[in-house]
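Read through the structure below, which is laid out as structure tokens, and then see the notes.
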Amino acid sequence: MAETGYLLTVALVTPLSSYFKRKLKLRTIFLTAIVLCITGCLMAACTLNFPMLMTARILQGAGTGIALPLMFNIILEQSPKSKIGMLMGVGGMVVAVAPALGPTVGGLVGTFMPWCWIFVILLPFLFVSLVCGLKTIHQVTPTEEAYINPLHVLCLAVGFVCFVFALDRGGSAVTAVSNGDTSATTQCVIAVVLLLIAMAALLVFAWVSHRAFSLVRLTVLRSVKFRWHLLAYVLLQFVTIGYGYMIPNASQLGFGASVLAAGVVLLPGALLGAASAPVSGSLLDKFGPVRPMFTAMLANLRAFASKR
């Protein structure tokens, strides 16, 4: 549940990045993100109960949701056009290091230390990031007056939360049916109701977005190419995050592996993916998007086909 809260917060805060960028200076945005992450780590390290841990993870999610778009905005805004692909790859490598090292570090900490040390270990990296960011981030475009519609944020929050919990209740319903549990009908009804609420909230969001000061410009979805690219990316994230969750759990629950072994299982592939990100960006600059993406998808399909 804490991890779900973290991911939901990231998903909700990320669309606000355009508003923050127009309204605030880059250093202010960066400092806010770092302070939120540090506060969340300190709170999680000293947590006394689950609500406190949940609050800490929400703060960390807010910091991440602010910092990630900021990094890519700076790359796109301040980099030479001939090197944007390579630098975006470097940014992708930075993001990919987390799933590469996270399970392994978590396995080490879970084996030899109290679990709260996971958050203590992050603090030195955050302080180093704070110093480096304050020294290197520069403002190149002026800020401007920006307006945010609270209804936009409310609709996004309700839509995302209800959609995620609808999926959760749907999964519980499938489990109940497979186990012959009589609660399957109740779980299905809850899932359907939550899904309808999510759809209604997102429809209201789309309706409000046609007005001025739109939080997200849905007009980009009129482009067929953009829709296909977006669908491909969403499906790829489903697969990536799903495997990142499934493989360690299968290692522990299905094969009886230790926490450390389950974390190490993901390390080789995740490190390879992180290291290949700058190379992929350079290939994008040199050959365009089609050939690198097609080669990568063939490699993914070959890997999935071999997992029987």
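The values are calculated or read from the model by the stated rules, or taken from the named source; none is laboratory data. Since the structure is predicted, the reported quantities are computational estimates derived from the model, not experimental observations. We place every Cβ from the backbone using ideal geometry, glycine too, and count neighbours over all the protein chains shown.
At-a-glance table
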item: Some residue of region 166-174 being surrounded by 17 or more Cβ atoms within 10 Å (Cβ to Cβ), part of a helix (DSSP H, G or I) and more than 25 Å from the chain's Cα centre (by Cα); result: yes
item: Single condition Ala62 does not satisfy, out of (1) hydrophobic (A, V, I, L, M, F, W, C); (2) in a helix (DSSP H, G or I); (3) more than 29 Å from Leu167 (Cα to Cα); result: (3)
item: In region 209-246, residue surrounded by the fewest Cβ atoms within 10 Å (Cβ to Cβ) [restricted to those that are outside any helix (DSSP H, G or I) and modelled with pLDDT under 80]; result: Ala212
item: Within region 248-260, tally of residues that are buried (at least 16 other Cβ atoms within 10 Å of the Cβ) and not polar (S, T, N, Q); result: 4
item: Matching residues in region 48-69 - criterion: being farther than 15 Å from Gly5 by Cα and either surrounded by fewer than 19 Cβ atoms within 10 Å (Cβ to Cβ) or touching a His at 6+ places or on another chain (Cβ under 8 Å) (or both); result: Leu48, Asn49, Leu68
item: The lone exception for Glu144 - which of (1) over 30 Å from Ser280 (Cα atoms); (2) of a type in the set (Asp, Glu); (3) part of a helix (DSSP H, G or I) it fails; result: (3)
item: Test set (1) over 29 Å from Val290 (Cβ atoms); (2) in contact (Cβ under 8 Å) with a residue 24 or more places away in the chain - Pro51 fails condition number; result: (2)
item: Residue pairs meeting the criteria (Cβ under 7 Å; at least 6 apart or on separate chains; first assigned by TED's automatic domain parsing to the domain that holds Phe125, in region 79-98; second at pLDDT 75 or above and not in a helix (DSSP H, G or I)); result: Leu87/Ser79
item: Qualifying residues in region 20-39 (those that are closer than 15 Å to Met71 by Cα and of a type in the set (Ser, Thr, Tyr)) - the one surrounded by the fewest Cβ atoms within 10 Å (Cβ to Cβ); result: Thr28
